[in-house]
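Below you'll find the structure, written out as structure tokens, and then a few comments.
The values are calculated or read from the model by the stated rules, or taken from the named source; none is laboratory data. Because the structure is predicted, anything quoted here is derived from the model rather than measured. No Cβ is skipped: glycine too gets one built from the backbone with ideal geometry, and neighbour counts run over all protein chains shown. Surface accessibility is based on the protein's heavy atoms, side chains included, excluding ligands, DNA and RNA. Shrake-Rupley method; radii C 1.70, N 1.55, O 1.52, S 1.80 Å.
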Amino acid sequence: DDLHTNGCGTLTALMWAADQHARRVVYASAGCSIAGHGIDAPIREDMPVSLDLDTPYQITKALGEFYCNYFASRVSTARCRFFNSYGPGEVPGPYRNVIPNFIWRALHDEPLIITGTGLETRDFIFVDDLVDGLCRAATTESAHKQAFNLGTGVETRVIDMAQAVIRLCNSNSAIEYAPRRSWDHSLRRQADVALAGSVLAFRPTVTFEAGLARTVEWFQENHDRIEASMTVNA
């Protein structure tokens, strides 16, 4: 399923774009898909491609980047490597990201379960900043055949994120711990966004605290609609 969706889907989109003489394809890659895990320094775009990838998702995201470079002579491509995006519009669920799941649980005073020690870090980027980066990648001529990290360059510990969710939700949730998942080997994740800054003039403006507050507010305002969508997708 993963290969069909990410691998074949990307290939099909590139073939169609080339046939239609599209001006540019902006590819949604992942910050975890190229350099692998075990990296202490901020992740740069020019780091070697790792063969030690942990999930089919990572493998097919890397495959998509190879296809983008292969097609670059037929259609202009730019590759954007997303870090941990979040914001209004993403509902909780078993295959969703940690922030919507934590917010939903906190709003119902359910425990927030951290898989690991909580000292792991992630680079959380608010959806508005992510969309700004994508638009810049689509419209900047010199972005052709380049890869860009779309993150903030700021590390946030998972335990600090969980505590902020509880505080903003005015929740009585406790924090509990579970063993780290077998495929999750990344203890630190931080984007080096210097290239995106110099080529795209990309400057994230939403702080994590501000973005998280806006996300919590969206959950509170749309509680019933979110709950209904979870029931439909269950």
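See the values below:
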{"quantity": "Inter-part distance where region 176-234 and region 69-115 are each reduced to a Cα centre, Å", "calculated": "6 Å"}
{"quantity": "Ser142-Thr12 FRET efficiency (beta carbon distance; Förster radius 41 Å; 0.05 resolution)", "calculated": "0.90"}
{"quantity": "For region 139-149, Karplus couplings with θ = phi - 60° (6.51, -1.76, 1.60), whole Hz, Gly/Pro x", "calculated": "10, 8, 4, 6, 6, 3, 6, 10, 10, 9, 6"}
{"quantity": "Amide H partners (placed H, <5 Å) of Phe202, local residues excluded", "calculated": "Gly197"}
{"quantity": "Amide H contacts of Ala35 (H built 1.01 Å from N, under 5 Å, at least 5 apart or other chain)", "calculated": "Ser50"}
{"quantity": "Vicinal HN-Hα couplings computed from phi for region 56-71 (Karplus, 6.51 cos²θ - 1.76 cosθ + 1.60; Hz; Gly/Pro x)", "calculated": "x, 4, 4, 4, 6, 5, 5, 4, x, 5, 4, 5, 4, 5, 4, 8"}
{"quantity": "Gaussian network model of the chain, Cα within-10 Å springs - most flexible of Leu14, Leu51, Leu187", "calculated": "Leu51"}
{"quantity": "The chain, accessible area per residue, ligands and nucleic acids excluded (1.4 Å, Å²)", "calculated": "51 Å²"}
{"quantity": "Angle between the chain longest axis and helix 208-221 axis [Cα atoms, degrees, rounded to 10]", "calculated": "70 degrees"}
{"quantity": "Förster radius 41 Å - calculated FRET efficiency between Ala41 and Asp224 (Cβ-Cβ, nearest 0.05)", "calculated": "0.35"}
{"quantity": "Efficiency of FRET between Glu217 and Leu119 - r from beta-carbon atoms, R0 30 angstrom, step 0.05", "calculated": "0.60"}
{"quantity": "For region 160-167, Karplus couplings with θ = phi - 60° (6.51, -1.76, 1.60), whole Hz, Gly/Pro x", "calculated": "5, 4, 4, 5, 5, 4, 4, 5"}
{"quantity": "Cα convex hull volume per residue for region 93-234 (Å³)", "calculated": "136 Å³"}
{"quantity": "Solvent-accessible area, 1.4 Å probe, carbon plus sulfur percent, for region 178-234", "calculated": "54 percent"}
{"quantity": "Distant-in-sequence amide H partners of Ala147 (H built 1.01 Å from N, under 5 Å)", "calculated": "Arg79"}
{"quantity": "Carbon plus sulfur fraction of accessible area for region 9-143, probe 1.4 Å, in percent", "calculated": "58 percent"}
{"quantity": "Residue of Ile34, Ile175, Ile103 that the Gaussian network model of the chain assigns the largest fluctuation, springs spanning Cα pairs under 10 Å", "calculated": "Ile175"}
{"quantity": "Distance (nanometres) between label positions extended 7 Å along Cα→Cβ at Gln163 and Val131", "calculated": "3.2 nm"}
